[in-house]
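Working notes, structure below.
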Amino acid sequence: MNDLQTIEGGVTAPLGYQAAGVAAHIKVADRKDFALLVSDRTANAAGLFTTNAVAAAPVRLGRERLAAGRLRAIAVNTGYANACTGEIGMANARAMSCLVSDALGIPDAEVLVCSTGVIGMHLPMDRIATGVTRARAALCATAGYDAATAIMTTDTVPKQTAVRFLVDGRHPVTVGGMCKGAGMIEPYLATMLAFITTDAAVAPGDLQTALRQAVETSFNRVVIDNDRSTNDTAVMLANGAAAAPALSPAHPAWPRFTAAVGTVCTELARQMVMDGEGATKFVTVRVTGARSPDDAQLAGRAIARSMLVKTSWFGLDPNWGRVIAAVGYSGAAVDESRARISYGGIAAFDRGRVADAAARDALKAVMSGRAFDVTVDLGLGEGSCTIFTCDLSREYVNINADYTT
């Protein structure tokens, strides 16, 4: 949809939302580490959570809360994940929710809490209480950036975006979002928190459909490393504050709305990969000509997961052999005599022919940029898939060697 307008503001760009990001000294002094996002009215809600069998306490509580499809506030702490913390962890998640509901004067059932950080340690509830108090006082309709900053862990930059479009040619509707995530990221949500807001009026079931579709083609197409977190959460709120006609699959503007949600999620996913731990390259892996869409995904994910492929990108080495090897063990159908592998449109391998010296120089030039595409045409059918990923650098090892749990 080419009528989407990118705007500033992140999660507070839509009407009827306030946010805050404050320093509660939860783990590190003098940095924002507690975020609060509040809708002025009860919003319809949808959500998706981690596929990891070891789910953190706030994820388990979040699944309960999202079942009703109604939320008013989301609170996020960094520093401690509140995962693998037993009954105390669940009690602390509920206590954090109560602190927020009491501070805002809203039903406890309309509060979602999220945590991210070190696994296996209990939340410092006195500091969580401080965070709630400070965030309540700092709530503002222009503080989306502060909230995006406060949810960061190993991220180096806040991640937010927003788009606007017209319903029936005259009603502005906005979709905004923020996320965090820089490591332990594999498809199907991993160490990723994403919060999407809209001032459209959308029923919970339809909102869930729109969010699921958007996540499938954005966050679920991201590979930074091969780990899946205990705390992944993607939540969307729709509060109807735009006073536009209600949107549903039957409304002519529904494709615009789903395009807006997809655009926001894709941009946030792109920002996540750009900020991958130690990443120096943003790489878009495109698989075409696969026997089926499932085969394309198998091949694309295998390429993006391969440590050998990712280190070759870091070393500016267009090592097509590692790419075709990854496809070969992916489970996808492949015939190397029909495959073509290119970087930035320049063939490194073409149906049995290898790039000459001049082409290799051009390939290295492509890989010298901050971002490039790797396209693998399997020549077997119509299946295709796009995966967003990054290289693997020495800095990734340094960051994670020093990170507790």
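The table that follows gives values for the structure above.
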{"read-out": "Environment charge at VAL76 (Cβ cut-off 10 Å; Lys +1, Arg +1, Asp -1, Glu -1)", "value": "0"}
{"read-out": "Long-range HN-HN contacts of ALA23 with modeled amide H, under 5 Å", "value": "ASP33"}
{"read-out": "Segment ALA129-ALA401, length gained on full extension (0.36 nm per residue, minus Cα span)", "value": "94.8 nm"}
{"read-out": "Principal axis box of the range 5-274, alpha-carbon based, largest edge first, Å", "value": "51, 41, 32"}
{"read-out": "Rounded, prolate or oblate (a/c below 1.5 giving rounded, otherwise prolate when a/b exceeds b/c) for the range 56-135 by Cα gyration tensor", "value": "oblate"}
{"read-out": "Spin-label zone in the range 34-63 - amide nitrogen under 17 Å from a point set 7 Å from the Cα of ALA109 along the C-beta vector", "value": "42-46, 61-63"}
{"read-out": "Relative packing of 260-273, 130-143, 48-61, 349-362, which averages over residues the other C-beta atoms within 10 Å, highest first", "value": "260-273, 48-61, 130-143, 349-362"}
{"read-out": "Efficiency of FRET from Cβ geometry, VAL28 and CYS98, R₀ 25 Å, rounded to 0.05", "value": "0.50"}
{"read-out": "Three-way shape call for the range 282-401 based on the alpha-carbon gyration tensor, with the a/c threshold at 1.5", "value": "oblate"}
{"read-out": "Percentage relative contact order, the chain, counting C-alpha pairs under 8 Å, at least six apart", "value": "17 percent"}
{"read-out": "Most mobile listed residue (ALA29, ALA333, ALA259) in the chain, GNM with C-alpha springs under 10 Å", "value": "ALA29"}
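Throughout, read-outs are computed from the coordinates displayed, never taken from laboratory work. Since this is a predicted model, take the numbers as computed values, not measurements. Counting neighbours? That spans all protein chains shown, and the Cβs are built from the backbone with ideal geometry, glycine included.
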